[in-house]
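What follows is a short report on a single structure.
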Amino acid sequence: MGGSMTIIRRKAVWLVALCLFAGQGLAQAQTSNLAYQVANMAEDMRILDESIRSMRVELESMRRENGQLRVQVSEYETRVGSSMDQLATIGQVNAAVSKAVAGLEMRDEKMKNEIILKVNQEITDFANSVKKSIGGLPAASAKPDPNLRKSFPKNFPDTGTPYIVRTGDNLSSIAKKFNSTVDWIQNANKIASPRHLQAGRTLFIPHN
């Protein structure tokens, strides 16, 4: 009986020792894992801080470029308004817009849209001013038609035949058909221009 108790006590001592050893190992493992997580969080915070600083530098650069572009647009508007002789061609306007858009690529979307809207408004105002200026110019006077007849002398015979003009007719073909002349038909019917002969019109065709 005493030997059995001794064996039981020894097993209990070993069991307690094993539990203590296991508890220490678990605590050390948890401590090591926590330190690793803290180190990872510190590294993530450092990377995040660097990214924020880089974004601030890029945003400041974008603001400076935005200001420079607005100054360029203002100077261009001043040059256009100073003299109509300095009007830009459509190609130059397109080149300016393309340059502005290219300079805004890969930039902040909101700022890019604002600048594009500003440039489009400037172009619209410019186009309106050009239309207004062109509208104020006097219209070119039409050149007189050298073939337009203003007088119709009575140099044709009184005898003749009425004829209804058909599609495709001209004074030359009609005169040939009735043994007449273009001059007689034109004067007898007071036709100012032979090109204005209308189908369906009744003409008096003088002939002998």
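Distance between the modelled labels on Glu109 and Ser61, one decimal in nanometres: 2.1 nm (7 Å Cα→Cβ projection). Panel order for Leu171, Leu59, Leu117, by other beta carbons found within 10 Å of each beta carbon, from fewest to most: Leu117, Leu59, Leu171. In this structure, Arg70 and Ser32 have a Cβ-Cβ separation that, at R0 = 45 Å, corresponds to a calculated FRET efficiency of about 0.20.
We did not get these values from a lab; they are worked out from the coordinates using the rules stated. Nothing here was measured: the structure is a model prediction, and the numbers come from that model. Positions of Cβ are generated from backbone atoms using ideal geometry, with glycine treated the same way; all protein chains shown enter the neighbour counts.
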